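Structure, as structure tokens:
Any read-out appearing in this document is the output of simple, stated calculations on the displayed coordinates, not a laboratory observation. Being a predicted model, the structure only gives us computed values, none of them experimental. Here the Cβ positions follow ideal geometry from the backbone for every residue, glycine too, while neighbour counts run over all protein chains shown.
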Amino acid sequence: MIRILLVDDHELVRTGIRHILKEVGDMDVVGEAADGDSALKVASKIAPDVVLMDVKMPGMGGIEATRRMVRLLPSTRVIALTMFDDDPFPARLNEAGAMGYLTKGCPAKEMIEAVRTVSRGSPYVSASVARKHMLASWQGVASTPFEELSSREMQIAMLIIDGQRTMEIPNSLSLSPKTVSTYCRRIYEKLRVKTDAELTRLVFRYDLI
């Protein structure tokens with residue numbers, strides 16, 4: 001039996017996935033969480049085989065939660081879930097330790113296949129995601145300017161877009177204010193923006209939220 005932890009800040013999404021997996025004979029949803037912090041706490045208690053992890057959540061997002069999850073539980077495999085197949089996150093999540101990447105619009109059959117594949121220790125990436133990023137790689141260009149950001153820079157950029165103030169981010173990520181300030185400066189330089197408002201407009205331009 002594959003023991004699964006669902007992590008998504010939308011209860012409706014978790015309910016839908018839970019109902020799909022309930023019909024599968026070799027899978028059991030053993031826990032749920034609505035954010036990264038809760039996911040780590042639940043996972044430490046139940047040690048799931050597979051975690052279906054939402055990428056964008058309030059507070060600790062999916063990238064940082066994945067990084068800490070695989071450190072905390074090396075035998076637990078993470079599959080990231082995102083809204084769009086052209087999000088600039090697959091490489092970041094791969095660096096963080098995720099073994100799978102799916103869009104929330106994928107067929108139920110594909111999600112089930114991904115869970116089984118990852119539970120066996122093999123990576124799984126949605127075909128639409130793989131195709132877009134392979135084409136970008138062949139063309140020698142980044143699919144979005146956000147590809148230039150490191151995993152940590154991307155995480156902080158998403159926290160800014162989520163409405164967190166610069167003074168709040170250090171507590172969320174256990175970093176010093178000076179370190180966060182340095183990351184913010186690098187983000188603005190790489191994306192060629194000067195304010196949070198410009199960063200937000202760029203994010204909307206590339207349909208990242």
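Numbers below:
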read-out	value
Value of relative contact order over the chain, rounded to a whole percent, pairs C-alpha under 8 Å and six or more apart	15
On Cα atoms only, tilt of 127-139 relative to the major axis of the chain in degrees	40
In Hz, Karplus ³J(HN,Hα) per residue of segment 99-108 (6.51, -1.76, 1.60; θ = phi - 60°; x = Gly, Pro)	10, x, 8, 10, 8, 5, x, 5, x, 4
Equivalent ellipsoid semi-axes - Cα gyration tensor, segment 2-136, angstrom	20, 17, 14
ARG71 versus GLU95: modelled label distance in nm, points set 7 Å from Cα along the beta carbon direction	1.5
Gain on full stretching of the segment that runs from THR200 to ARG116 - 0.36 nm per residue minus C-alpha separation	26.5 nm
Viscosity 1.306 mPa s, temperature 10 °C, Stokes-Einstein D of segment 145-205 from Kirkwood C-alpha radius, µm²/s	139
Estimated vicinal HN-Hα couplings, Hz - segment 111-125 in sequence order (Karplus 6.51, -1.76, 1.60; Gly, Pro = x)	4, 4, 4, 4, 4, 5, 4, 5, 4, 7, x, 10, x, 9, 10
Calculated [θ] (222 nm, deg cm²/dmol) that DSSP helices of n ≥ 4 give over the chain, each run adding -39,500 (n - 2.57)	-15500 deg cm²/dmol
